[in-house]
Amino acid sequence: MDIALILIGLGFGVFAIVWYRRNDRPVWRSLGITANRWSALDILVGLLIPFVAISLVFLAELALGAIEVTDGAEDWSGLGGAIGEIIGYALFEEVLFRVLLLSGLVILFRRVAAGRWIAVAIVATAFGAMHLTNPNATLIGAFGTALGGVIYGIAFLATRALWLPLFLHVSWNLSQAIWGFPVSGTTQWPGWFTSTSTGNELLNGGAYGPEAGLPGMLARVLIATLVLLYVKLLWPTGSIARLEFAPDPIKRDVHAVGAHAGARPASE
């Protein structure tokens, strides 16, 4: 990964933290590093939606003759390590791109019309461009990866928490590996099958994987739609235009809460 991009992400993260502190916001919750009553559901939804989408991609590419399917891994002894790697990569990227970089950009564009969408687009572009250094990378593949960045940005800002984007990311990569696809150009993880691209790369993404093919990109659109539907069900008054759904984290004043109507003090 480009060290300059890491430094930029860290810089925007520091900017966000300073802004939250100076504006009396709870830093950890504002950065999305929090647990709430929706966290378990976010994890479940995050795991389920991409698995269904990638399963549909597998069936579509198989029906179109775009992949040749053979037996998968025989040795599953490294499965735990592979899952750990997938989670580790996803966690690092989500912290860098969503928790730090996106948080800072949202503050920077807070007074701009559609500022949140602009921030999501900028971060998604950087996310896709970073993957140009992957094996077998192409501009089309980077665009497909950037669509994933849009999904994770939407999920992060809509829920104001890390859980949904993180597990959408984990499940997307893990599901590709399970069905034997390359994962953003890499084939290092075992799967149920080995899915080898045949024919037109616009249908299968070639050696980069489904992200560079039309079925994979359509799956990204499906996931984005389902994510927006999910957050709209949780917060019906939320706005897609403003990309605002979950309530804004606000630091509670323990003394003020305790003094109000004899209420018990609230804890942070």
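Taking region 55-81 as the range and being out of contact with any helix residue (DSSP H, G or I) (no Cβ under 7 Å at 6 or more places or on another chain), part of a helix (DSSP H, G or I) and either over 19 Å from ARG220 (Cα atoms) or acidic (Asp, Glu) (or both) as the test, the residues that pass are ALA63, LEU79, GLY80, GLY81.
Across region 21-36, the qualifying residues are those that are open to solvent by less than 30 Å² (accessible area, probe 1.4 Å) and not polar (S, T, N, Q), and the one among them that is farthest from the chain's Cα centre (by Cα) is PRO26.
If I go through region 174-194 residue by residue, how many of them are assigned to a helix (DSSP H, G or I) and buried (at least 24 other Cβ atoms within 10 Å of the Cβ)?
Initially, region 174-194 is screened for residues assigned to a helix (DSSP H, G or I), giving 174-178.
Checking which are buried (at least 24 other Cβ atoms within 10 Å of the Cβ) leaves us with 175-177.
Matching residues across region 174-194 total 3.
Output the residue which, of all residues in region 107-125 that are of a type in the set (Val, Ile, Thr) and assigned to a helix (DSSP H, G or I), is farthest from SER239 (Cα to Cα).
Per the stated criteria, the residue is THR125.
For ALA114, the conditions (1) at pLDDT 95 or above; (2) on the phi < 0 side of the Ramachandran plot; (3) among the aliphatic types (A, V, I, L, M) are fulfilled apart from (2).
Each row is one residue, and each column tells you yes or no for (1) of a type outside the set (A, V, I, L, M, F, W, C); (2) farther than 18 Å from TRP179 by Cα; (3) touching a Ser or Thr at 6+ places or on another chain (Cβ under 8 Å).
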{"position": "TRP28", "(1), (2), (3)": "no, yes, yes"}
{"position": "ALA35", "(1), (2), (3)": "no, yes, no"}
{"position": "ASP42", "(1), (2), (3)": "yes, yes, yes"}
{"position": "VAL57", "(1), (2), (3)": "no, no, no"}
{"position": "THR70", "(1), (2), (3)": "yes, no, yes"}
{"position": "GLY80", "(1), (2), (3)": "yes, no, no"}
{"position": "ILE86", "(1), (2), (3)": "no, no, no"}
{"position": "LEU96", "(1), (2), (3)": "no, yes, no"}
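Candidates GLY149, GLY128, GLY141: the one that is under 11 Å from the mean Cα position of the chain (by Cα), under 24 Å from GLY205 (Cα atoms), not in a loop (DSSP other than H, G, I, E, B) and not aliphatic (A, V, I, L, M) is GLY149. Looking at THR198, is it on the phi < 0 side of the Ramachandran plot, open to solvent by 40 Å² or more (accessible area, probe 1.4 Å) and modelled with pLDDT under 95? Answer is yes for this residue.
Given the residues VAL52, VAL99, which is the only one that is crowded, with 17+ Cβ neighbours inside 10 Å and either in contact with a His (Cβ under 9 Å, 6 or more places away or on another chain) or not in a loop (DSSP other than H, G, I, E, B) (or both)? Please lay out each step first, then the result.
On the way: VAL52 fails: crowded, with 17+ Cβ neighbours inside 10 Å.
Result of the check over VAL52, VAL99: VAL99.
For region 229-262, taking the residues that are closer than 23 Å to GLY115 by Cβ, among the β-branched types (Val, Ile, Thr) and exposed (fewer than 14 other Cβ atoms within 10 Å of the Cβ), the one that is modelled with the lowest pLDDT is identified as ILE250. Of the set (1) touching a helix residue (DSSP H, G or I) at 6+ places or on another chain (Cβ under 9 Å); (2) assigned to a helix (DSSP H, G or I); (3) open to solvent by 20 Å² or more (accessible area, probe 1.4 Å), all apply to ARG220 but (3).
Which of the residues that make up region 119-158 are touching a residue at least 60 places away in the same chain (Cβ under 8 Å), β-branched (Val, Ile, Thr) and open to solvent by less than 10 Å² (accessible area, probe 1.4 Å)? Residues satisfying the conditions are VAL120, THR145, ILE151, ILE154. With respect to VAL18, determine if the residue is over 22 Å from the mean Cα position of the chain (by Cα), outside any helix (DSSP H, G or I) and either hydrophobic (A, V, I, L, M, F, W, C) or under 26 Å from MET217 (Cα atoms) (or both). In short, no. Condition check for SER39 on (1) under 19 Å from the mean Cα position of the chain (by Cα); (2) crowded, with 16+ Cβ neighbours inside 10 Å: one failure, at (2). Here VAL45 qualifies as β-branched (Val, Ile, Thr), in contact (Cβ under 8 Å) with a residue 60 or more places away in the chain and open to solvent by 20 Å² or more (accessible area, probe 1.4 Å).
The values are calculated or read from the model by the stated rules, or taken from the named source; none is laboratory data. Computed from a predicted structure; not experimentally measured. So basically every Cβ, Gly included, is an ideal-geometry build from the backbone, and we count neighbours across all protein chains shown. For the accessible areas, the whole protein counts, side chains as well, though only heavy atoms, and no ligand, DNA or RNA atoms are used. Shrake-Rupley method; radii C 1.70, N 1.55, O 1.52, S 1.80 Å.
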